[in-house]
DNA sequence: AGTTGTGAACCGATTCACAGCG
DNA sequence: CGCTGTGAATCGGTTCACAACT
């Protein structure tokens, strides 16, 4: 890899892909950065720059071939093949995440779920529920590299450390606590409480 | 307001508050930006700058008084009083969000839930379930200003527009679609599929 | 002496503007 | 001619370094 790629770029690639899918469905075969910009709300120069990090996907004077570009973006993002994902903590939130359709659309399948108390819990077709004790064993065996964590605050750090030991490389963390991220692992936090705080702040600004 | 406040600052204020609560529980009464930095993982200069946007909360040579600072941050964030929140779309995800404890910790209570098909659905104590048809009416009557949207893709835009009409000012949107944001409204997107995409990208980088 | 508050330097990301190419 | 790809300019946020203050 030549230069460092901003992580926001990856988020935008995901957005471009969504737009391209729509456009393809509408029968478009070629698209300019200007058109894609209109659809996605991103500045065209930004789009060109984002894409240029990874190659020269366009044709000057023409634009980008939709199906071509889709393929290239998918390759770049590493989402060409479906991914297995583990979920740790089958509480309210975990349960909903197990059933969330959005992951499938991105090519992810939650195939293993772990809980400290697996009795009385049930999981959707295609997913197996295990006791947390078996976390390392199962994840290693299956070669799972990505996990979603929705456990109780008190056990997040332990879970993250155990996932790291099991060779998990990426974690989507829904638990609002500062965690120590093990070497070689990427953790992305989703903190919904803080999101509401930010909305509230803007709200309180308006009142002034 | 004198200068523009970066929105990441607000997210960090929320983090500082969490740390301060911990520290207070541990009996600390005074804290320096260096100590808070250690706990929160944020650069001390950054912390001072974040706080300085809103006032001079510290004492030179001493630091910040914990309870004092907590109070000030809460005031700044507009979270001094509890907020009522509406939730639109009681599917899997919506249901989990209704029961998510993290919101309460931040002083939010989901007191009204809306669904196109409210039969057979039940909601926790303290929350009332309404038919979507009554959205504008109920939200207006209650003066609710913040909403969480977890409806089907096809109706997001309509829901957002109706919320705007009902005078809602902030929306936390869990639906992965580009929405047109009405004037005077703030929308924050939580796109969990894209989050996994980003993890996958880092994963695929490591393999090279 | 110790720590805040802040101007200046730095760094990274976005946008502009145009050369290069189809 | 039109649109991409990209160096240069700009913008915004972070970090540094120190003057101000207790």
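For region B:153-208, the fraction of C-alpha pairs more than 15 angstrom apart is 54%.
When the alpha carbon coordinates of chain B are projected onto the principal axes, the ranges are 60, 53, 35 Å, largest first.
Across region A:1-80, the volume of the C-alpha convex hull divided among the residues equals 87 Å³ per residue.
Per-residue ellipticity at 222 nm, computed for the protein assembly as shown from helices alone with -39500 (n - 2.57) per DSSP H run of at least four residues, works out to -13000 deg cm²/dmol.
What does the average come to when, for each residue of peptide A:94-106, you count the partner chain Cβ atoms lying within 10 Å of its Cβ?
Details: counts 1, 4, 11, 4, 2, 5, 8, 6, 10, 4, 1, 3, 9.
For this peptide, the per-residue mean of nearby foreign Cβ atoms is 5.
Across the residues of A:85-91, average count of Cβ atoms on other protein chains within 10 Å? Mind showing how you got there, number by number?
Working: counts 3, 0, 0, 0, 0, 0, 4.
Averaged over the peptide's residues, the number is 1.
Computed from the Cα positions only, the extents of the protein assembly as shown along the three principal axes stand at 60, 51, 49 Å, in decreasing order. Each copy carries a label point for residue B:53 at 7 Å from Cα toward Cβ; from one copy, the others' points are 2.5 nm away, ordered from shortest.
Before anything else, pin down the relative contact order of chain A: Cα pairs under 8 Å, at least 6 apart, normalised by residue count, whole percent.
Numbers: 265 pairs, mean separation 27.7, N = 208.
For chain A, the relative contact order is 13 percent.
If you take the Cα centroid of region A:1-35 and the Cα centroid of region B:42-106, the two points sit 35 Å apart.
So what is the relative contact order of region B:83-194, in percent, for Cα pairs below 8 Å that sit 6 or more residues apart? Please report the intermediate quantities before stating the final value.
Numbers: 199 pairs, mean separation 27.3, N = 112.
It rounds to 24 percent for region B:83-194.
Given chain A, what percent of its DSSP beta bridges are antiparallel, to the nearest 5?
Numbers: 3 of 25 bridges.
Around 10 percent of the beta bridges assigned by DSSP in chain A are antiparallel ones.
What does the average come to when, for each residue of peptide B:3-14, you count the partner chain Cβ atoms lying within 10 Å of its Cβ? Display every interim value, and only then the final one.
On the way: counts 0, 0, 2, 0, 3, 1, 2, 8, 6, 1, 4, 10.
Mean number of neighbouring Cβ atoms from other chains: 3.
What sits nearest the axis between copies A and B, counting only chain A Cβ atoms, is the residue and whole-Å distance A:96, 2. Sorted into 5 angstrom bins from 0, the C-alpha pair distances of region B:83-194 split as 2, 12, 26, 27, 21, 10, 1, 0 percent.
Placing a label point 7 Å from Cα along the Cα-to-Cβ axis, residue A:3 is separated from the same position in the other copies by 2.8 nm, shortest listed first.
Structure remark: mean-square fluctuation, Gaussian network model of chain A, C-alpha springs under 10 Å; the largest value among A:151, A:168, A:62 belongs to A:62. Working from Cα pairs under 8 Å separated by at least six residues, relative contact order for region B:7-77 is 40 percent. Each other copy places its own label point for residue B:165 at 5.7 nm from this one, sorted shortest first, where the point lies 7 Å along the Cα-to-beta carbon line.
FYI, it's all coordinate maths here, none of it is from the lab. A quick note: this is a predicted structure, and the numbers were derived from the prediction, not measured. Positions of Cβ are backbone-derived with ideal geometry, glycine not excepted, and every protein chain shown enters the neighbour counts.
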